[in-house]
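Single-structure report; data block below.
The values are calculated or read from the model by the stated rules, or taken from the named source; none is laboratory data. Bear in mind that the values here come from a model prediction, so they are computed numbers and not experimental data. Ideal geometry is used to build each Cβ from the backbone, glycine not excepted, and the neighbour counts take in all protein chains shown.
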Amino acid sequence: MSVNQLILRNLKKNLKNYYLYVFALMFSVALYFAFVTLQYDPAMDETKGSIKGAAAIKAASVLLIGIVAIFLTYANNLFIKRRSKEIGLFQLVGMTKNKIFRILSIENFLLYYGSLAAGVFLGFSVSKLIMMVLLKITQVDGIARLHFSGAALVQTLLVFTAIYALMLLTNYIFIKKQSILSLFRVVSNTEGRVKTISIWEMVIGILGIGMIGTGYYVSSKLFDGDFTSVNQLFFAMVFILASVIIGTYLFYKGSVSFIANIIRKKKDGYLKINEVLSLSSIMFRMKSNAWLLTIITTVSALAIGLLSLTYISYYSAEQMAKNNVPAHFTFVDSESAADFTEELESNKIVFTEKRIEVLQAVMNAEEIIGLKMEEYTQDPAAMSVTVISEKSYGQRDVAKDEVYLTGYSDIMMKFISMKDSGPIEIRGKEEAIPLHYLGMEKEYPVSRYFGGSPVAVVDESVFEQVKKDLDPSIQRDSSWYIGIDLQDERELTKANELFNEHQYTEAGMNESRLDSENIQKRQMGLTMFIVGFLGLTFLITSGCILYFKQMDQTEDEQPSYTILRKLGFTQGDLLKGIQAKQAFNFGIPLAIGLLHSYFAVKSGWFFFGTELWSPMIIVMTLYTALYSIFTVLSVAHSKKVIRESL
Amino acid sequence: MILLEAAKLHKTYGNKFNKQEVLKGLDLKIFKGEFVSIMGASGSGKTTLLNVLSSIDRVTNGSIKIEGNDITGMKEKQLAEFRKQHLGFLFQDYNLLDTLTVKENILLPLSVSKTPKKEADQRFERIAAELGIFEIKDKYPNEISGGQKQRTSAARAFIHEPSIIFADEPTGALDSKSASDLLNKLSDLNQTRQATILMVTHDPVAASYCGRVIFIKDGLIYTELNKGDQTRQEFFKDIMKTQSVLGGVHHER
C-alpha cells in the first residue's frame, strides 16, 4: 500500500469516527465567516446607529477565534493520543518520525481544509439568514442581501490557517517527544490510576463544596446592605468569583469522588449495575479531568449568565416601556394631545383618553423606609413624591386619612427596606398632612416625565388640600398627564406613523410606547445577538469536547462491558447504567454551571430589567435542551460499543 | 449425572469464499462435580470450544445442553439470563473492573441476580475466607498482586454457585507459586462445593490438578485421560506423554 492510499484509508475511517469534529469545525468556520461577512456588509451601517455595530461584531469575532482555537487544538490533542498505537506501529515498521508527521499532516490537511471549504460555503449561505435574524431582533427595517466579500474570505482563511499551523506544531511536538514504547502506553497513562480515597481528598472535597457555598451566600448578600461602599462591593465580587471558581475546581478534584465514595460505603460492596457504571467511573474520571471541567463549567456559567442578563433586558423592553409610558401614547401638553386625537378620529381609529392631574410634593417616610446603602437614595425624611387622586386613578379605594404608593421597582427595593404599613407625612409648602400608608402597588399610573416612582395615591379631599398648598419650585411645567390607548392594537403601527409624522415629541415629553420599546430593543438586540451566537459556539464546542471525552472513555471501558456481559448483564442493563453515567457526566457540569449562573444573575439582575424568572428560565431551558443533544449522541455511541463488546 | 452435553459441534469462521472450520463435529460430556481441563496446541480450537460452550459465541451447527437447557437456540436476552444463573467465568487477564474494589467486583454476579444484601454478605465472607482475600476486600485491583487478582476473579466466579465454571488459561499470567496456590484452591472448591469446572490450558502442570484431561486437535477430540487413583505427579507424566505424541506441528512430506 502506498502512502497515499494509507492517507486516504485513514481519512475515510476518521471521517466516520469524527463526524462531530468535522461538524463542529464546519460550524465554527461558518459562524466566523458569517460574522466577518457581516462586518464588511454595508447593511451593518443601519444597525450602527444603535451601538457601533461593526466594532461590536469585530470584538465578538476575536472572542470566537479564541474559543474555536482552544477547542480545535484540544480536540486535535485527543485524537492524536487516540491514534498513538497506529503511530507506534508505523514507527515499528521503520517509518521515520518526520514521515509519520507528514502523513498525519496531509491527512489533517485534507480533513481540515475540506471542512473549512464546506464551512465557508455554509457560512456564506447562512450569513443572509444571520443578517435577517439580527435585523429582526434589533427591529431595524432593512433588507438582507447576499454579499460575497473577498476580504471576509481572506480573513477567514488566514485565521484558520493560523489555527492549523498551531495544530501542526502540537502534533509535531507530540510525535517528537514519544518513543515507540510510550506510544503504545499513552492511553493508560492519561487517566489516573485508581486508588483508595485518602483523607486529604476528603478534605479537598469538603473544602470545595464549602467554597462554592460561601460564594453563593456572599452573592445573595451582595446588594442586601452589608457592603456599603463601592470598594467593599468590588472586593466582595472578586471574593465571590475566586471562591466559586476555586471551589468548582476542588469540587471536581475531590467532592465528586468524596460524595460518590460516601454512597458506595453505604452500599458496602453491593452495587447495582447503574452504580457500577456511573458512580465508580465518575469518581475517578472526573478527578483527572478537573481542569477541563472547571473551565467548561465556568465558561458555561458565564455564557448562561450573560445570555440571561441580556435576554432579561431585551425581554423587559416591553415592561420597561410600559412603566415609562403607561399608555400607547402619552402627552403632557394638551395642545399636542388634542391635535393627535383629531388625527386619530379623521383616520377612524378608535381610542380612549385618560387624563390625570399630577402634583409634586415632598414625603416624610422616615417611619416606614430604612436605607440599606447610604449614598444611593434620597433622605427618607424628605423624599420627592408624585401625588395623584384616587378619583382620577381608581385602582384601589383609600379613606380620607390613607395613602398607598404605586410604581414598585425591584431596583429601588434593593436599596431601601420598606415596612408594610405605617404613618407618613405629605408636605406641601407650609403644612404637612399625616396619612396612614397602606402598601405598595406594581402599576405605574403616569409617564416618567413626572418623576417615576413612587407615586402616592390619595383621597380626593387630600388631593385638593395638597393642591392648595403647592410648593411652586418643585412643580413640573405640565401638571396634566394624558394617556391615549387604542382599542384595536392592530392599528398601532398606523397610529404610530401619525404620531411620528407630526413630531409631537418635539413639543415636550410626549411619547409613544412602541417607539420607546423599539429603542430599548435596538440597544439590547445587537448585544443579545452577539452574546447569543458566542454562547451557541461555546455550547457546541464544549458539548463536542465532552462528547469526545466520553467517546474515548467508552472505548477504554469496552473490556469492562465485555466482563459485565459475560457475567449475565443484558445490553439493556448496561445501557441503563450508561445512561445514568452520561447523565452524570454531562449533567454535573451543566447543573453546576446553571447553579453558578443562577446565583450570578440573581445577585444583579435588577440592573438589567424588570423580569427575572421567565427570561432566565427560557435561556436555561434552551441551553439545557441544546446541550442534551450531546448527551443523547454520546449514549448512542455507547450503545454501539456495548453491542460490539461481546 | 450429565451436566453439560455437546453434540456435533461445528464452528466455521469467515465467508463462503474463505471458510475456516475450527470445530468439526465435536462431542463432549461433562458430569456434575467434575474438574475437567481441555488441552491442545495453539489453533486446535480449544478457546473457540470454551467460547461456544459458555454461550459467548454461537455454534454454526450442533447442540449444547447445560442442565437440560439447550442454549444454542436461545435469544440474546435469554442467554444473558442463563449466564447470570448458571455460569461462572475465570480469565487469564483477570477481567476485574478497575474502578471497583475487590468486594464490589466479587459481589457483581449477586447484584445481577438481585440476591438480598444480607445473604450476599454471608456468601462473600465465606468465599473470601476460603480464598484468603478477605483482608484486601476494600482495595482496588491496581493495589493488589496478580495472584490476589486471580483469586478475586475466582471468588467472583464461585459466589453465585453456578452450575459450571469456565476457566480460560487462569494461570497464564501468574508466577508458579501463585499458580499452584490458585489451582489448589480451585481443586479444594471443586471438592467442598461440588462445583463443576471446565478449564482450558496449555500448561500440563495446571492440567494435572484436574480429574480428567481432554485433548483436542484440529477441531476434534483426540483423546482423553482420567486421573483415577493416580497421584498428581503420575498423572502429570501421563499428560506429558500424551502431549508429546500429540505434538505441535507435524511435518509430513
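Listing for the model above:
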{"quantity": "Number of the exception - B:L26 against (1) in contact with a helix residue (DSSP H, G or I) (Cβ under 9 Å, 6 or more places away or on another chain); (2) within 14 Å of another protein chain (Cβ to nearest Cβ)", "calculated": "(2)"}
{"quantity": "Residue count for region B:106-124, restricted to those that are more than 7 Å from chain A (Cβ to nearest Cβ) and touching a strand residue (DSSP E or B) at 6+ places or on another chain (Cβ under 8 Å)", "calculated": "0"}
{"quantity": "Of the criteria (1) modelled with pLDDT of 85 or more; (2) in the same structural domain as A:I484 (by TED's automatic domain parsing), which one A:L307 fails", "calculated": "(2)"}
{"quantity": "Sole residue being touching a residue at least 12 places away in the same chain (Cβ under 8 Å) and hydrophobic (A, V, I, L, M, F, W, C), chosen from A:I262, A:I212", "calculated": "A:I212"}
{"quantity": "Elements of type strands (runs of 3 or more DSSP E) in region A:422-494, at least 3 residues being without any contact (Cβ under 8 Å) to a residue 40 or more places away in the chain and crowded, with 17+ Cβ neighbours inside 10 Å", "calculated": "A:432-441"}
{"quantity": "Helices (runs of 4 or more DSSP H) contained entirely in region A:224-279, each with at least 2 residues that are away from every other protein chain (no Cβ under 11 Å)", "calculated": "A:230-250, A:256-267"}
{"quantity": "Members of region A:471-489 found to be modelled with pLDDT under 80 and either hydrophobic (A, V, I, L, M, F, W, C) or at positive phi (or both), listed by number", "calculated": "A:I474"}
{"quantity": "Residues of region B:125-144 that turn out to be part of a helix (DSSP H, G or I) and at the interface with chain A (Cβ under 10 Å from one of its Cβ atoms), as a count", "calculated": "3"}
{"quantity": "Boolean, B:E119 is of a type in the set (D, E), out of contact with any His (no Cβ under 7 Å at 6 or more places or on another chain) and not in a helix (DSSP H, G or I)", "calculated": "no"}
{"quantity": "Test: A:T310 is more than 30 Å from A:T406 (Cα to Cα) and either surrounded by 24 or more Cβ atoms within 10 Å (Cβ to Cβ) or within 14 Å of another protein chain (Cβ to nearest Cβ) (or both)", "calculated": "no"}
{"quantity": "Positions within region B:115-170 being hydroxyl-bearing (S, T, Y) and buried (at least 22 other Cβ atoms within 10 Å of the Cβ), in sequence order", "calculated": "B:Y140, B:T152, B:S153"}
